[in-house]
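Have a look at the structure below, then the notes.
The values are calculated or read from the model by the stated rules, or taken from the named source; none is laboratory data. Only a predicted model underlies this, so the values are computations on that prediction, with no experimental measurement involved. Note that each Cβ is placed from the backbone with ideal geometry, even for glycine, and that neighbours are counted across all protein chains shown.
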Amino acid sequence: MKILVCISHVPDTTSKINFTDNDSKFDTNGVQFVINPNDEFGLTRAMWFKEKQGASVDVINVGGTDTEPTLRKALAIGADAAIRINTEAKDGYQVAKELAKVAKDGSYDLVIAGRESIDYNGAMVPGMLATLLDANFVTNCIKLEIEGTKATASREIDGGKETVTTSLPLVVGGQKGLVNESDLRIPNMRGIMMARKKPLTVLEPTTTINETTSVKFEKPEPKGNVKLVDADNLDELVSLLHNEAKVI
Amino acid sequence: MTKQKNMSVLVYTESEKGKFKKTALEVASYAKAVANQLGTTVTAISVNANDTAELGKYGVDKILNVSDSSLEAFNAKSYAAVIVQAAKQVDAKAVIVSSSADSKYLAPILAVNLDAGYASNVVEVPSTTSPFTVKRTAFTNKAFNLTTINTPIKIVGVSNNSFGLVEANGNASTEDFSPVLPNTEVNIESIDKASDKVTIADAEIVVSAGRGMKGPENWGMIEELAEVLGAATACSKPVSDLGWRPHAEHVGQTGKPVASNLYIAIGISGAIQHLAGINASKVKVVVNTDPEAPFFKAADYGVVGDAFEVVPQLIEKLKAFKASNT
């Protein structure tokens, strides 16, 4: 089984979010970048398929040279090879088109992407990719088993979960649950050394289409201070929620 | 009513067991606002809905209703095919969907099949329709992003509870719609879902609890507080990791996003990953014994106190409030 794992290079959760160039660009100054958490669950599940079922695992990212350390980290975790498409990721459709070409040319059986990235939160790349590839598609995936060309997957739905059966080729939008958080791997020294020797192929982009354009960013209004209510005076809390916040 | 031959705004109105979800009425209200901007009408596409006339109250002019037992359970590919055919029938220039798990599943499929640009998590009506510019959340609610959609057809995913319900004095006509369904190779084996509970996605109020509850056996008061408020229950990540509550209740960056009107956090310290997932909620209340808990910086109202004392009292106060307000 050939697996392709899509890796978004995103600011760490604890990063300060600021913007530059008249609020048109994310300010990367002092920001630490990581593998998108939803992608990391998928990558870890892919490693399981590699170790238990002999799958090959490639990782891919659409982005500039600054994203290579994130791909190297995925190699250090255990992926076999990395591909970088050398262009700035501008919208979900553009990224999906670039990924679709590689997935098709490489005849991958299974493509795993995170259900959404924690920076743009578009939640569109996996579904677009599946549709472009005419592959089966399960998103919000919290469990994935594969036997031969048959797949059993669970997805989180509003208020519960659903279990489906489907077949390869398959695109999965992964998230926490695909593996346990305790199964996530921190690269060890041997992995880091080996990652340096693994292939990282750079491909030039093939599409220039942008269906959407990011115009600018805004930060939310700074929040006022919390109003503390005495634990012995909960009538006041009820009154505030009713009369001031108007939410009950 | 005269047949609209010109373009319309199409809205996908989700139903469950024949009844429209609250988010369906919200996206219908949003679609009406966009239709007003564009000077056109609203057509809704619904699947196996019973009381379709209800949508007229929220500005829908016409409903295309599909009655098909093979669509009883949601299937992204089939539902997307239904919406694509409806969009072509009414020459839709804008397609409005919600941010439910199902709508987020099908919207990217729609986008490719309609060659339409798609903006998700949109929180306001377009600031301009030419260019078509919407405001959406980004960086897990730590920022907003103004995005223009450049394609002839635009798809807008409306963030839950961001627009609210807007009533309009209208009447909606209903037509049967019989689209061609694709073969689908994703087959549902089982659905595991508490049918009698308000879901986090649909809830106006969410009551969420953390490790401060000390153990799963103490959740009775959380459930009771939620019941009094008509709220959904949720929990922090450690609680779902420990298996005290099902994973479906986990809210936060790696769990479910919450965009409720009121979010009440009991015994949750407020780790940044948790706050990222719930920040879109309008009003936040925290109850915690530790006045230094980071949640107090993110909350609108706070009570420093022991959940085991505060929650039962709060339940009584709310019961009294409800009794005097009905």
Item to complete: Run down B:ALA81, B:ALA73, B:ALA44, B:ALA28 and say which single residue is in contact with a Pro (Cβ under 7 Å, 6 or more places away or on another chain) and of a type in the set (Gly, Ala, Ser).
Response: B:ALA81
Worksheet entry | Residue that is farthest from the other protein chains (Cβ to nearest Cβ) [pool: residues in segment A:102-116 that are of a type in the set (Gly, Ala, Ser) and assigned to a loop (DSSP other than H, G, I, E, B)] | A:GLY106
Discussion item. So if I check each of A:LEU184, A:LEU170, A:LEU228, A:LEU237, which one is touching a strand residue (DSSP E or B) at 6+ places or on another chain (Cβ under 6 Å), in contact (Cβ under 8 Å) with a residue 40 or more places away in the chain and over 30 Å from B:SER127 (Cβ atoms)?
Written reply: A:LEU170
Practice prompt. Name the one entry in B:ILE266, B:ILE278 that is modelled with pLDDT of 95 or more and either under 30 Å from B:LEU165 (Cα atoms) or of a type in the set (Ser, Thr, Tyr) (or both).
Written response: B:ILE266
Worksheet item: Which of the residues spanning segment A:59-82 are hydrophobic (A, V, I, L, M, F, W, C), crowded, with 21+ Cβ neighbours inside 10 Å and over 21 Å from A:ASN210 (Cα atoms)?
Response: A:VAL59, A:LEU71, A:ALA74, A:LEU75, A:ALA76, A:ILE77, A:ALA79, A:ALA82
Item to complete: Consider A:LYS227 carefully, then state whether it is within 13 Å of another protein chain (Cβ to nearest Cβ), in contact with a Gly (Cβ under 8 Å, 6 or more places away or on another chain) and at pLDDT below 95.
Response: no
Worksheet item: Which one is nearest to A:LEU178 (Cα to Cα) among residues in segment A:85-101 that are part of a loop (DSSP other than H, G, I, E, B) and more than 8 Å from chain B (Cβ to nearest Cβ)?
Response: A:ALA89
Practice prompt. Name the single residue, out of those in segment B:124-152 being in contact (Cβ under 8 Å) with a residue 60 or more places away in the chain and more than 10 Å from every other protein chain (Cβ to nearest Cβ), that is nearest to B:ALA259 (Cα to Cα).
Written response: B:VAL125
Worksheet, complete the sentence: Picking from B:GLY157, B:GLY164, the residue that is in contact (Cβ under 8 Å) with a residue 12 or more places away in the chain, at positive phi, within 14 Å of chain A (Cβ to nearest Cβ) and not basic (Lys, Arg) would be B:GLY164
Response to the item:
The one condition A:GLN32 fails out of (1) free of Cβ contacts under 8 Å to residues at least 60 places away in the same chain; (2) under 13 Å from the mean Cα position of the chain (by Cα) is (2)
Worksheet item: Do the conditions hold for B:LYS297, that is, is it in contact with a strand residue (DSSP E or B) (Cβ under 6 Å, 6 or more places away or on another chain) and among the charged types (D, E, K, R)?
Response: no
Worksheet, complete the sentence: Inside segment A:1-27, the number of residues satisfying the requirement of being without any contact (Cβ under 8 Å) to a residue 24 or more places away in the chain and hydroxyl-bearing (Ser, Thr, Tyr) is 3
